[in-house]
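A.B. asks: First, the structure itself, so that you have it in front of you.
The values are calculated or read from the model by the stated rules, or taken from the named source; none is laboratory data. Everything numeric here is computed off the predicted structure, so don't read it as measured data. Ideal geometry is used to build each Cβ from the backbone, glycine not excepted, and the neighbour counts take in all protein chains shown. With ligands, DNA and RNA removed, areas are computed over all heavy atoms of the protein, side chains included. Shrake-Rupley method; radii C 1.70, N 1.55, O 1.52, S 1.80 Å.
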Amino acid sequence: MSEPSILPTGLDALEARLRQDLAWLELPAKSWVPPRMANGKAVVDVVIIGGGMAGLVASGMLKRLGVANHIVLDKAPAGQEGPWITFARMRTLRSPKQLTGPAMGLPALTFRAYYEARYGIEAWAALDRAPREIWMDYLIWYRRVLELPVRNNISVDAILPRDDGMLDLICEQDGRTETIVARHVVLATGRDGLGGPYVPPIADGIERKFWAHTADEIDFAALKNKRVGVIGAGASAMDNAATALEAGAGRLDMFVRRKELPRINKFTGIGSQGVVHGFVGLPDEWKWRFLDYTMGQQTPPPRPSVLRVSAFAQAHLHLGSPVTSLEKHGDHIVVVTPKGRYPLDFLIFGTGFRIDVINRSELAAVAPSIRLWRDRFPVPADMQNNELQASPDLGEAFEFLEKEPGACPALSKIHCFNFPATLSHGKLTGDIPAVSEGADRLARGIVKALFVEDRERHFADLQAFDTPELNGDEWVDSETPTNCATPSERTLI
């Protein structure tokens, strides 16, 4: 009879494997950035704003490259960072389960490794896509095993340039204000990181009790037996419609401007390492051409999300029905389209997000100086695109650039690692497929900037280094033997 195994199993075994992999790779690298002080307090080399997936992998990459003096700040409580268990309302992620996402090239850090360790290989084989709650569990585990320096329940209210070239971050936590001095700031703030939810002007004048955006907190239980409308038919619109129906909505109407739902996800269709690493090298006109075309075709909602809605008999899809106005009638509202009038008790806007740097309060001190694509790129007449025009024009490490050279040098220390970076760098900052590659590009750029800025200190360290490789007793200089012929004597022989 064989002896029972004493080897660790499940997550314990996976974490042991990860520790071994990191040890074999000599990761994380030793800390190498010289410490700084400002006004009697320690300076933080990098502050990452946002502790969701992008913020965590950015932290992991910085730690990996020896930038140990960094922190991650998130306004949400621990375990609620990002959209996954807050306003994301899909049952599963939209990305295929096998994508390695934030794993940074480490097999033991992948979602697959985590899932198999918790639920088994057979469960992985049977899994279609990752349930969003389990994905959140995976990110919590990721943060823990990498020992990432995340601080929760803290908001950043202002980013202010300093005379010494660094940045003051005015933060608030539990009613207390704190100033953090940072050399670099990374905005890992997600889909709405440089703007916010977009709601069309038709909502102006309509009381908020009658409507919400898909990114809002919504009391779906209160919609039981109610007449609910949804504007839009993207993934979030479908997921919110399904959630309302599952909560018992009496009737649901979806209003879609297009005459048919988009069916093909164009950008996913050409996904490759060429796109990941090559998009950034495209001429500007080709970057614009790729994204304008993709946005014009639109991304279809996932098939499971559509089936989740169409399974309900009380769900009604209205194609070719742009909403032209909203009217308030006593205790309800009326949606007006070219095809009819629809009384509703509540309306959900699935109208996406808008890039609007000027209205981000934490960026008020620097926003007027941020260069946008519209400030320098001559938009082709047949490719007008407001969202692309409002996108920030970024440097090689996702850093903001100045609209007027010299007007705000501190912008080079603020890195836009969120969705609006797409036009400059491609889809590396918000979606799962290439977020590790994006974080690698970001971290390497910050490392280069830190080293170049500290070059005098590093050179002084080079000059001062005096640890000998040789002790002086390894070799004795030979004396010239007396019985050996001189060169001139050898010539005569």
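A.B. asks: Find the residue count for the range 307-331, including only residues that are within 14 Å of residue 243 (Cβ to Cβ) and among the aliphatic types (A, V, I, L, M).
C.D. replies: Counting residues in the range 307-331 that are within 14 Å of residue 243 (Cβ to Cβ) and among the aliphatic types (A, V, I, L, M) gives 3.
A.B. asks: Looking at the range 176-188, can you tell me whether even one residue there is over 17 Å from residue 360 (Cα atoms), crowded, with 17+ Cβ neighbours inside 10 Å, in contact with a strand residue (DSSP E or B) (Cβ under 7 Å, 6 or more places away or on another chain) and of a type outside the set (A, V, I, L, M, F, W, C)? Lay out the reasoning, then the answer.
C.D. replies: If we filter the range 176-188 for residues that are over 17 Å from residue 360 (Cα atoms), which is where we start, we get 176-184.
Still in the running and crowded, with 17+ Cβ neighbours inside 10 Å: 180-184.
Cutting the leftovers down to in contact with a strand residue (DSSP E or B) (Cβ under 7 Å, 6 or more places away or on another chain) gives us 180-184.
Then keep just the ones that are of a type outside the set (A, V, I, L, M, F, W, C); that gives 183-184.
Within the range 176-188 (the criterion being over 17 Å from residue 360 (Cα atoms), crowded, with 17+ Cβ neighbours inside 10 Å, in contact with a strand residue (DSSP E or B) (Cβ under 7 Å, 6 or more places away or on another chain) and of a type outside the set (A, V, I, L, M, F, W, C)), the answer is yes, since at least one residue qualifies.
A.B. asks: Moving to a separate point now. Suppose we filter 394, 423, 388 for residues that are surrounded by 18 or more Cβ atoms within 10 Å (Cβ to Cβ) and in contact with an Asp or Glu (Cβ under 7 Å, 6 or more places away or on another chain); which single one remains?
C.D. replies: Numbers: 394 fails: in contact with an Asp or Glu (Cβ under 7 Å, 6 or more places away or on another chain); 423 fails: in contact with an Asp or Glu (Cβ under 7 Å, 6 or more places away or on another chain).
Result: 388 is the single residue among 394, 423, 388 that is surrounded by 18 or more Cβ atoms within 10 Å (Cβ to Cβ) and in contact with an Asp or Glu (Cβ under 7 Å, 6 or more places away or on another chain).
A.B. asks: Out of the residues in the range 351-381 that are acidic (Asp, Glu) and at pLDDT 95 or above, state the one that is least open to solvent (accessible area, probe 1.4 Å). Walk me through it before giving the result.
C.D. replies: First, pick out the residues of the range 351-381 that are acidic (Asp, Glu): 356, 362, 375.
Adding the requirement that they be at pLDDT 95 or above leaves 362, 375.
Details: 362: 28, 375: 67 Å².
Applying the filter and picking the extreme gives 362.
A.B. asks: Going residue by residue through the range 426-435, is there one that turns out to be assigned to a helix (DSSP H, G or I), touching a residue at least 24 places away in the same chain (Cβ under 8 Å) and not aromatic (Phe, Trp, Tyr)? Quick ask: steps written out before the conclusion?
C.D. replies: Narrowing the range 426-435 to residues assigned to a helix (DSSP H, G or I): 435.
Now drop any that are not touching a residue at least 24 places away in the same chain (Cβ under 8 Å), which leaves 435.
Then drop every residue that is not not aromatic (Phe, Trp, Tyr), which leaves 435.
The answer is yes, given that some residue of the range 426-435 is assigned to a helix (DSSP H, G or I), touching a residue at least 24 places away in the same chain (Cβ under 8 Å) and not aromatic (Phe, Trp, Tyr).
A.B. asks: Tell me the helices (runs of 4 or more DSSP H) entirely within the range 243-308 that contain at least 2 residues that are over 22 Å from residue 99 (Cα atoms) and open to solvent by less than 30 Å² (accessible area, probe 1.4 Å).
C.D. replies: 284-297
A.B. asks: Then there is this: Residue 6 fails exactly one of the following numbered conditions: (1) closer than 23 Å to residue 399 by Cβ; (2) at pLDDT below 95; (3) of a type in the set (A, V, I, L, M). What is the number of that condition?
C.D. replies: The single condition residue 6 does not satisfy is (1).
A.B. asks: Condition first: open to solvent by 10 Å² or more (accessible area, probe 1.4 Å) and under 25 Å from the mean Cα position of the chain (by Cα). Now tell me which residues in the range 231-242 satisfy that.
C.D. replies: The answer is 232, 233, 234, 235, 236.
A.B. asks: Okay, moving on. Would you confirm, using the coordinates I've provided, whether residue 472 is open to solvent by 50 Å² or more (accessible area, probe 1.4 Å) and either farther than 25 Å from residue 162 by Cβ or not in a helix (DSSP H, G or I) (or both)?
C.D. replies: So residue 472 passes the test.
A.B. asks: Okay, next question. Check whether at least one residue in the range 205-213 is at pLDDT below 95, over 20 Å from residue 67 (Cβ atoms), open to solvent by 30 Å² or more (accessible area, probe 1.4 Å) and assigned to a loop (DSSP other than H, G, I, E, B), and report yes or no.
C.D. replies: yes
A.B. asks: OK, next. Which ones in the range 206-221 are touching a residue at least 40 places away in the same chain (Cβ under 8 Å) and more than 17 Å from residue 82 (Cα to Cα)?
C.D. replies: Filtering the range 206-221 for residues touching a residue at least 40 places away in the same chain (Cβ under 8 Å) gives 206-207, 210-218.
Selection gives 206, 207, 210, 211, 212.
A.B. asks: Restricting attention to the range 129-165, which residues are buried (at least 19 other Cβ atoms within 10 Å of the Cβ), under 25 Å from residue 365 (Cβ atoms) and touching a helix residue (DSSP H, G or I) at 6+ places or on another chain (Cβ under 9 Å)?
C.D. replies: If the condition is that a residue be buried (at least 19 other Cβ atoms within 10 Å of the Cβ), under 25 Å from residue 365 (Cβ atoms) and touching a helix residue (DSSP H, G or I) at 6+ places or on another chain (Cβ under 9 Å), then 156, 159 are the ones that fit.
A.B. asks: Kindly evaluate residue 299 against the criterion of being touching a helix residue (DSSP H, G or I) at 6+ places or on another chain (Cβ under 8 Å), among the polar types (S, T, N, Q) and in contact (Cβ under 8 Å) with a residue 60 or more places away in the chain.
C.D. replies: Yes: the conditions hold for residue 299.
A.B. asks: Another question, if that's okay. Within the range 80-126, can you find the residues that are assigned to a helix (DSSP H, G or I), of a type outside the set (Gly, Ala, Ser), open to solvent by 30 Å² or more (accessible area, probe 1.4 Å) and without any contact (Cβ under 8 Å) to a residue 60 or more places away in the chain? Before you say what the answer is, go through the steps one by one.
C.D. replies: Initial filter on the range 80-126 (assigned to a helix (DSSP H, G or I)): 101-103, 107-109, 111-119, 121-126.
Add one more test, that the residue is of a type outside the set (Gly, Ala, Ser), and what stays is 102, 107, 109, 111-112, 114-116, 118-119, 121-122, 124.
Narrowing further to those that are open to solvent by 30 Å² or more (accessible area, probe 1.4 Å): 107, 112, 116, 118-119, 121-122.
If the condition is that a residue be assigned to a helix (DSSP H, G or I), of a type outside the set (Gly, Ala, Ser), open to solvent by 30 Å² or more (accessible area, probe 1.4 Å) and without any contact (Cβ under 8 Å) to a residue 60 or more places away in the chain, then 112, 116, 119, 121, 122 are the ones that fit.
A.B. asks: A further question on this structure: Part of a helix (DSSP H, G or I), open to solvent by 60 Å² or more (accessible area, probe 1.4 Å) and either modelled with pLDDT of 95 or more or β-branched (Val, Ile, Thr) (or both): which single residue out of 490, 444 fits that description?
C.D. replies: 444
A.B. asks: Can you confirm whether the range 311-318 contains a residue that is exposed (fewer than 13 other Cβ atoms within 10 Å of the Cβ) and under 21 Å from residue 92 (Cα atoms)?
C.D. replies: Yes.
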